[in-house]
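Have a look at the structure below, then the notes.
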Amino acid sequence: MNCAACHNEMVKKKGSIDLRNGGKLYIVKNVSYEECTICGERVLSPEVSQDLFDKIRKKQFVEETFKVRVLDCANPSAWKQALQ
């Protein structure tokens, strides 16, 4: 398979990905995906993708809560404060 973004070779990997669905962020650990060797684009197989969305829909996941820093590009003066 070649990368849709830059047309270079994709390699199979297993690791963590960020998945957004319905305005929520899910961190998926130990998932299989393909990654571009040049640009880093990551692609899930249709089967893995469907399985993950089914698990989200059925709430079959572990809740972990942690703080995440969010930078608002419309308010760059707040960046310094957020990064302290």
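Within the bounds of region 15-28, is there any residue that is farther than 25 Å from ARG69 by Cβ and not hydroxyl-bearing (Ser, Thr, Tyr)?
Taking every residue of region 15-28 in turn, none turns out to be farther than 25 Å from ARG69 by Cβ and not hydroxyl-bearing (Ser, Thr, Tyr).
Within region 56-64, does at least one residue satisfy the condition of being assigned to a loop (DSSP other than H, G, I, E, B) and of a type in the set (Val, Ile, Thr)?
For region 56-64, residues assigned to a loop (DSSP other than H, G, I, E, B) and of a type in the set (Val, Ile, Thr): present.
Output the residues belonging to region 8-38 that are β-branched (Val, Ile, Thr), at pLDDT 95 or above and touching a Lys or Arg at 6+ places or on another chain (Cβ under 8 Å).
VAL31
What number goes with the only condition from (1) at negative phi; (2) surrounded by fewer than 10 Cβ atoms within 10 Å (Cβ to Cβ) that TYR26 does not pass?
(2)
Please name all residue pairs, on different chains or six or more residues apart, with Cβ atoms under 7 Å, provided the first residue is in region 7-28 and is small (Gly, Ala, Ser) and the second residue is in a strand (DSSP E or B).
Every condition considered, the pairs that remain are SER16/ILE27; SER16/VAL28; SER16/LYS29.
Would you pick out the residues in region 39-55 that are surrounded by 10 or more Cβ atoms within 10 Å (Cβ to Cβ) and either of a type in the set (D, E, K, R) or at pLDDT below 90 (or both)?
Scanning region 39-55 gives GLU41, ARG42, ASP51, ASP54, LYS55.
Could you grab me the full set of residues in region 8-32 that are within 12 Å of the chain's Cα centre (by Cα) and of a type in the set (Val, Ile, Thr)?
Those that are within 12 Å of the chain's Cα centre (by Cα) and of a type in the set (Val, Ile, Thr): ILE17, ILE27, VAL28, VAL31.
Which of the residues that make up region 65-84 are among the hydroxyl-bearing types (Ser, Thr, Tyr) and either part of a loop (DSSP other than H, G, I, E, B) or at pLDDT 85 or above (or both)?
Listed by number, the list holds a single entry, THR65.
I'd like the residue in region 29-55 that is in contact (Cβ under 8 Å) with a residue 12 or more places away in the chain and in a loop (DSSP other than H, G, I, E, B) and, out of all such residues, is nearest to GLY15 (Cα to Cα). It would help to see each step written out before you state the result.
Let us first name the residues in region 29-55 that are in contact (Cβ under 8 Å) with a residue 12 or more places away in the chain, namely 29-39, 41-45, 48, 52-53.
Filter once more, so that each one left must be in a loop (DSSP other than H, G, I, E, B): 37-39, 41, 44-45.
Values: THR37: 15, ILE38: 18, CYS39: 17, GLU41: 14, LEU44: 12, SER45: 14 Å.
So, considering only residues that are in contact (Cβ under 8 Å) with a residue 12 or more places away in the chain and in a loop (DSSP other than H, G, I, E, B), the one nearest to GLY15 (Cα to Cα) is LEU44.
The values are calculated or read from the model by the stated rules, or taken from the named source; none is laboratory data. It should be emphasised that the depicted structure is a prediction, and the values quoted were computed from it without experimental measurement. Cβ atoms come from the backbone with ideal geometry, glycine included; neighbour counts cover every protein chain shown.
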